[in-house]
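Here the structure comes first, spelled out in structure tokens, and everything after it is commentary.
The values are calculated or read from the model by the stated rules, or taken from the named source; none is laboratory data. In this text, all values refer to a predicted model and were calculated from it rather than measured experimentally. When the accessible area is computed, the model is the full protein with side chains, heavy atoms only, and any ligands, DNA or RNA have been set aside. Shrake-Rupley method; radii C 1.70, N 1.55, O 1.52, S 1.80 Å.
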Amino acid sequence: MKKIPTYIISGFLGSGKTTLLLHLLKYCKAQKKKAAILLNELGNVNVENHLFEDENVFELLDGCICCSIQEDLKATLTTLVESHMEKPIDVLFVEGTGVANPLEIVEVIASPPFVNSFDIQSVISMIDVNAYLDNQDIFTSKTIRDLLKNQIKGATMVVLNKVDLVKEKQLQKVEVKISKLLDTNTPVIKTSYGNVDLRELLQKRSNTTVFSHQHQTNCCGDSLNSSCSHHTHHHDLTHHHDHVQHTSIKTITFQDVPSVTKRQLKKWLKSLPEGIMRGKGYIFLQDKPGLYPFQYSSSQVHIGDIPLKIAVDPCMVLIGKDIDITTIQNSYASQFSLS
């Protein structure tokens, strides 16, 4: 089954995500591509439902898919895969709430069992340039400030929207601020009303690489028999691959992770390159029965004290910028003594 090319649309409240999504849907129809939309709203009613009456929409309401209703997101992704098997989907657009952290959405999609069904093409971050500077002053909470940063840091493309509402001096101030959070390979587009070059927007800018201890099959059906084989999938709605080598966000998924000690896991995670922004997964501990969740962020490792009650496979998902996949693969193989 072909993986579903997936685009994540991120951005703070009122940045113009829905307007951009409507442009994308119109473009897909013109290209005769069947699109599916996963819409997330904090409230229990989607007040913009009328805009998507004739679309293939999967709604997630009353919470944020990156945190409070993450399990609902997993259930919906499972439903999407089942729908795709019956009626193939050409592209999926995921619009998070205005307070969603895109990296946490990437983590879910890049985790088993979804990593073999969805192919993240790009994380598009919308910024309302008319409100961006004010938001820096209004929101003093560290949580909100970190969110605003992560919505930019986690992007493979940034769209500066509503430039018609600001003067050049203010626009320049916004550009200077976000430039401190972006690497040089992340494109920035300036626009109004979400009007952008959609072919450019739909370029593939994100890679997902999968490593596994187990025997696995690649997308062409050829067996990969090495003890730590890997494959990287590329599916591109617009069939342009010239930007892939400059991708800023890379996701690495380790499947069938062997049992480890807490010390071993922490030592390895803290030895990773600075470009690793987040890590998450489920691991078996050698000295305790059960499968335990862990999270890695800002050089800090947290391993849960209580084993999971649900049946999931041990795995690790790492998300980073400007990282060398081979270096991390070799480091993993060395730390966990793969033969």
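When His84, His302, His23 are compared by accessible surface with a 1.4 Å probe, the order from highest to lowest is His302, His23, His84.
How many percent of the accessible area of segment 65-119 is carbon or sulfur, using a 1.4 Å probe? Please list the in-between numbers first.
Details: 960 of 1810 Å².
The value for segment 65-119 is 53 percent carbon and sulfur by accessible area.
A straight Cα-to-Cα reach below 19 Å connects Lys262 with the aspartates and glutamates Asp287, Asp305, Asp313, residues fewer than 8 places away in its own chain not being considered. Classify segment 142-210 as rounded, prolate or oblate from the Cα gyration tensor: take a ≥ b ≥ c as the square roots of its eigenvalues, call it rounded if a/c is under 1.5, otherwise prolate when a/b beats b/c and oblate if not. Oblate.
Partner lysines whose Cα lies under 22 Å from the Cα of Lys180, excluding those fewer than 8 positions away in the same chain, are identified as Lys142, Lys149, Lys153, Lys162, Lys167, Lys169, Lys190, Lys250, Lys321.
Top to bottom by accessible area (1.4 Å), largest first, where do Asp134, Asp146, Asp305 land?
Details: Asp134 90, Asp146 55, Asp305 110 Å².
Result, largest first: Asp305, Asp134, Asp146.
What a 1.4 Å probe finds exposed on segment 270-323 is 52% carbon and sulfur by accessible area, rounded to a whole percent.
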